[in-house]
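Visitor: Can you read through this structure? Questions will come right after.
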Amino acid sequence: MKTNWPAFRCGCLIVASAVLGGSLASVRGQEPAGATSTAAVISSVAITQEPQRAAIRVEGAARLELHTSRMQNPERLVLDFNGARLGVQRTVIPGVSAPVRGVRIGQFRPDIARVVVDLTGETPYQITHEGDAVVVYFQMQVTPDSVQGAPVRSTSAESTKKSIEYAAKAPKTNLERNNRSNPSAPRFSLPNELTQPAVVLASLHEKSAPARPDGGAQQASEQAAQLATTAAATVATQQASNGGNAPQAGHYTGEPISVNLKDVDLKDFFRLIHEISGLNVVLDPNVKGTLTIVLDEVPWDQALDIVLQNNGLDKQLTGNVLRVATRETLKKEAEGQRDLEKAQAEAVAPVTVTRVLSYAKATTMKDTLKKFLSARGDILSDDRSNQLIIRDIPSVIPTIDNLIRQLDRKSQQVEIEARVVSASRTFAQDIGVQWGFAGTTTGGRSIFGGPASVGVSPVSVTGIPQPPLVGIPASGSGSSTTPGLPLNVNLGAGVPTSGFYFGHRSPNFAVDLFITAAESKGVGKLLSKPKVITQNNEKAIVKQGTKIPIQTVINNTISVQYIDAVLQLEVTPQITAEGTVFMDVLVENTQIDNGIPRVQGIPALDTQAAQTKVTVADGGTVVIGGIIVTQQQTNITEVPIVGSLPLIGYLFRRTNVSVQSQELLFFITPRIIPG
């Protein structure tokens, strides 16, 4: 809640407030025994401070009736509110500076709420009513003796308006609406330790009655110190969790504040941060300047970072001490520290040590470790004994030893098994017909039949009635010279394995019909199973086969080269953190193809290969590649026109079907060897 307080027109206004209640319903739930339902509720207490005047503002949900009394040893003012109760009990507000040392609040009796103002000395005061709020003003003279441990700074430009507003908004209740209707001094929430009913505060408050003349101010001071320590620990934990850097946007955890500054000294702003956070703030002498900034409902730690960034400053947090300095100062300190460490390192005499490696190679390890040496260090390797000779300052040796322990470890081993499966299938079918007929008309004037040049039926006509037409096979055909019936259709199977014959003979008509067929099937399988064992991240190669010599002539020089026709497995495994195996694998199966004629004595090669990178579970099997080749061919030989007729066409054609299928699969199975 932002308001303007006409009573303060100049100087520095620092506000401290404790919001004592939320909604009215929640306050009633804590109503002390004996309180009436019509009692006024004290909703908040605020401390405001200026060089010439300070004020205590007490706000309630209804008009507050006040009775005052002064006490000495120590000096304090007691405010008793008749017929009133507190929204939150057992609360202490530490003061900012003189003349108010602090405020203690408690329920003196069920019908009396008491507010004790601890003072630095006997100070005049004035009480006014502003709506439902009671404001107590303390007049004072700004002298070195009147301010104890908290000097008030002023400048010649006192006419310039300076104000700080730090407020915490309560839930939107009827109580809040009443407060908004009565503008008053700005107020803000202190850390949660001050606004929540903590056990420490309750115990301290219950051990002493309000306004006791012996140590009331000391009690408030002790409580404020404890709360400041708790707040400092909270901020230190937050800074440590962020690696010592400023919190990232959206990760600030400080209480929201509203700040309205105009030409305010930076040192006064950091004093406010001290009061809010409880941290001990130390400023570098180079921190100076003024600040003009307006923030609304921003966490105080974010506001601190904004001010630091805007003024070229940075912070260092050590325990509960917050140091603020310019970046240039911190940079020079860091450079000086670095130069000091460098000078100290150069002043130390180097030492020479040797380290024996068990698993790693000294030559390989040397290049890695050199990057962690100082400017005066060096590493040599002895390949014969697999040792490292290290010479450097003593502070570097532990780091090198730690790296050697991490890197010189026994590598796990992996067994990789590959399988190359090649399967082939063949199918062939050949169906054909051969037939011929001959006949004559009555009286033998006309004869019809087939020409002998097409073919002659192998059925001999000897010993049976002679057909009207007889043919002789062509010479050299290998057939018998016995005359047979000339064929009209000669489309028999090439290499028949089965057949059917039908024949008829008479003096006037003869028929020969042959149906021949052949069919074949074949299945082939080739399994190659190479296996190899290797260390993690080490390449392994296993091969089996033939090296083919090839002779070449270059510049009248005869040379012989060898080409591999082998089954080969080449793999580099890498064991992952999840226990799987990542592999860079090559599987190749190359063989001599005798089906292709050789060129100058050099045979053709049939190659099957797969190369890939794949991740496989331990003991799992995966297909890393596969090839399927299918070849199908159908040949039809027929008599023109009639061979295409349905059904009848089968008697005038030959059908030859050939199907070949080949499948090639590559399987890979890694297994991590225990131990």
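The values are calculated or read from the model by the stated rules, or taken from the named source; none is laboratory data. For clarity, every value in this text was computed on a predicted model and none was experimentally measured. Note: ideal-geometry Cβ built from the backbone for every residue, glycine included; neighbour counts use all protein chains shown. Ligands, DNA and RNA are stripped out before the accessible areas are found, and what is left, the full protein with its side chains, is counted by its heavy atoms. Shrake-Rupley method; radii C 1.70, N 1.55, O 1.52, S 1.80 Å.
Visitor: Measuring with a 1.4 Å probe in the full set of protein chains, what accessible area per residue, in whole Å², belongs to the range 611-668?
Guide: Accessible area per residue, the range 611-668: 66 Å².
Visitor: I want the local charge near SER381. Using Cβ-Cβ distances under 12 Å, sum +1 for each Lys or Arg and -1 for each Asp or Glu among the other residues.
Guide: Result for the local shell: +1.
Visitor: Leaving ligands, DNA and RNA out of it, report the carbon-plus-sulfur percent of the accessible area of the range 245-402 at a 1.4 Å probe.
Guide: Accessible surface attributable to carbon and sulfur in the range 245-402 totals 49 percent.
Visitor: Continuing with the same structure: Only Cα pairs under 8 Å and at least 6 apart count here; give the relative contact order of the range 601-675 as a rounded whole percent.
Guide: Rounded, it is 41 percent for the range 601-675.
Visitor: LYS342: which aspartates and glutamates have alpha carbons under 18 Å from its alpha carbon, excluding same-chain residues fewer than 8 sequence positions away?
Guide: Within the straight-line cut-off, LYS342 pairs with GLU333, ASP378, ASP392.
Visitor: What percent do you get for the relative contact order of the range 492-605 when only Cα pairs under 8 Å and 6+ apart count?
Guide: Dividing the mean separation by the residue count of the range 492-605 yields 16 percent.
Visitor: Ok, one more. I need the peptides 408-419, 123-134, 547-558, 273-284 ranked by packing, meaning the mean over residues of other C-beta atoms within 10 angstrom, with the highest value on top.
Guide: The packing order, highest mean first, is 273-284, 408-419, 123-134, 547-558.
Visitor: Check ASP606: other-chain or 5+ apart residues with amide H under 5 Å from its amide H, H built from backbone geometry?
Guide: HN-HN under 5 Å from ASP606: GLN591, ILE592, ASP593.
Visitor: State the percentage of accessible surface on the range 545-649 attributable to carbon and sulfur atoms; use a 1.4 Å probe and exclude ligands, DNA and RNA.
Guide: Carbon and sulfur: 53 percent of the exposed surface of the range 545-649.
Visitor: Suppose accessible area is computed on protein heavy atoms with a 1.4 Å probe; arrange SER457, SER446 from highest to lowest.
Guide: Listed by decreasing accessible area, they come as SER446, SER457.
Visitor: Please turn the phi angles of the range 403-409 into ³J(HN,Hα) values with the Karplus equation 6.51 cos²θ - 1.76 cosθ + 1.60 (θ = phi - 60°), one per residue in order, whole Hz, x for glycine and proline.
Guide: For the range 403-409, the Karplus-derived couplings read 5, 5, 4, 6, 9, 8, 10 Hz, x marking Gly and Pro.
Visitor: For the range 244-320, what does the alpha-carbon gyration tensor say about shape, rounded, prolate or oblate, given a ≥ b ≥ c as the root eigenvalues, a/c under 1.5 as rounded, and a/b over b/c as prolate?
Guide: Because its axes are fairly even, with a/c under 1.5, the range 244-320 counts as rounded.
Visitor: Turning to a different aspect of this structure: If I model a spin label as a point 7 Å beyond the Cα along the Cα-Cβ vector, how far apart are those points for SER358 and VAL421 in nm?
Guide: About 4.3 nm separates the two model spin labels.
Visitor: Counting pairs of Cα atoms in the range 339-404, how many percent are more than 14 Å apart?
Guide: 54 percent
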